[in-house]
1. What residue, among those in region 23-47 that are surrounded by fewer than 24 Cβ atoms within 10 Å (Cβ to Cβ) and among the hydrophobic types (A, V, I, L, M, F, W, C), is farthest from the ligand (Cβ to nearest atom)?
2. If His225 satisfies every condition in (1) assigned by TED's automatic domain parsing to the domain that holds His90; (2) away from the ligand (no atom under 16 Å from the Cβ) but one, which is the exception?
3. Starting from region 199-219, take each residue that is of a type outside the set (A, V, I, L, M) and list its partners that are away from the ligand (no atom under 16 Å from the Cβ) and modelled with pLDDT of 95 or more, counting only C-beta distances under 6 angstrom and pairs at least six apart or across chains.
4. Being charged (D, E, K, R), closer than 21 Å to Gly146 by Cα, assigned by TED's automatic domain parsing to the domain that holds Ala111 and at pLDDT 95 or above is the requirement here; does Asp78 meet it?
5. Hey, any hits in region 233-246 for a residue that's assigned to a loop (DSSP other than H, G, I, E, B) and not assigned by TED's automatic domain parsing to the domain that holds Leu202?
6. Just the residues that are more than 19 Å from Ala178 (Cβ to Cβ) and either of a type in the set (Val, Ile, Thr) or not in a loop (DSSP other than H, G, I, E, B) (or both), please, taken from region 71-104.
7. Based on what the data block shows, is Leu20 surrounded by fewer than 20 Cβ atoms within 10 Å (Cβ to Cβ), aliphatic (A, V, I, L, M) and part of a strand (DSSP E or B)?
8. Just to be sure, is Thr50 crowded, with 19+ Cβ neighbours inside 10 Å and either away from the ligand (no atom under 16 Å from the Cβ) or not in a helix (DSSP H, G or I) (or both)?
Amino acid sequence: MSHVQTVELVPNQGWDERILVCRNGELVDVFIVVTQRYVVIVDTLINATTAEKLMTFATPHLVNGRSLLIVNSHADYDHAWGNQLFAGPHALYPAPIIAHERCIEEFAVWAEDLAAMREKEPDVFGEVVLTPPNLLFNGRFALHGGDLILQLIPTFGHTRDHISVYIPEIRTLLAADAAELPYPMPRHASGMGEMRQSLAQLAALQAETVLYCHAPVTMGGKLLHDNIAYFDALEAACRRALAAGTLPETISDDDDLAALVGCTFAQAMPPDFDPASVHEYYATKGHNGQIKAMVEWLRGIGD
Ligand SMILES: [Zn+2]
């Protein structure tokens, strides 16, 4: 996939006016939350150019004594590679970058990918300087913005450093990548259990507005429940197959696991889901990978 460097403001479709949803092509949505005390940017996009475009939407709100704060939901390139605009020697808009403390380690893992991505798309990634967050927390963290409180909640699973943002005053949840259309993917086998715990934790908030980084803004809380149902269906099928002894001892990526456990992508998704709305990868390789992760998790051999 090649990357575009456009950033557009998504028209408000009923959420609180203090939340701005900013979209980079078809890749990712990120957020700006305007509170009395702070303008909070939740995720910095893919490079300095896109982060600077994001700032064109934030800057008009940096008045009346408000200061700028940055939050990284996690270290993935589509969420945190605009950080150099806010920290380091070339920062045009110096600001604290807040993230879970594990985000530092996850940043380091990306160094190799950056080299490959630079080579492939020098126009997009050539100038990226990996800039880890500089205000780290463990447990929970709250930003008291005056009118709104942003609760930063660890929601591991997709990655080891992932956090979501809940704003109780307006019952609004920025789930980031804790839920996705059609499903979030655990980066590590051990992430399956944590990811499902995170989904349950977020659903329990019963937020009125739920926004995601990789799902239409109209999905609302339904997507959390659809994701939960997907993994529940997978778990039930995998448990049956394990009990029946129909799975090989070592499963490989080439096995047709959907057939082996008797649970296709379509069967695990809700009836109103349109398969044409996502890349076919999710119905094939992606789904297979989820079953593999589920079986490994159930067998308790996750790393
Ligand atoms: Zn993402």
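The values are calculated or read from the model by the stated rules, or taken from the named source; none is laboratory data. Only a predicted model underlies this, so the values are computations on that prediction, with no experimental measurement involved. Positions of Cβ are generated from backbone atoms using ideal geometry, with glycine treated the same way; all protein chains shown enter the neighbour counts.
1. Val34
2. If we test His225 against (1) assigned by TED's automatic domain parsing to the domain that holds His90; (2) away from the ligand (no atom under 16 Å from the Cβ), just (1) comes out false.
3. Glu208/Arg171; Thr209/Trp15; Thr209/Thr172
4. Here the answer is no, as Asp78 does not meet what is asked.
5. Filtering region 233-246 for residues assigned to a loop (DSSP other than H, G, I, E, B) gives 245-246.
So of that shortlist, the ones also not assigned by TED's automatic domain parsing to the domain that holds Leu202 come out as 245-246.
Yes, the conditions are met somewhere in region 233-246.
6. Asn83, Gln84, Leu85, Ile97, Ile104
7. On the way: surrounded by fewer than 20 Cβ atoms within 10 Å (Cβ to Cβ): no; aliphatic (A, V, I, L, M): yes; part of a strand (DSSP E or B): yes.
So Leu20 does not fit the description; no.
8. no
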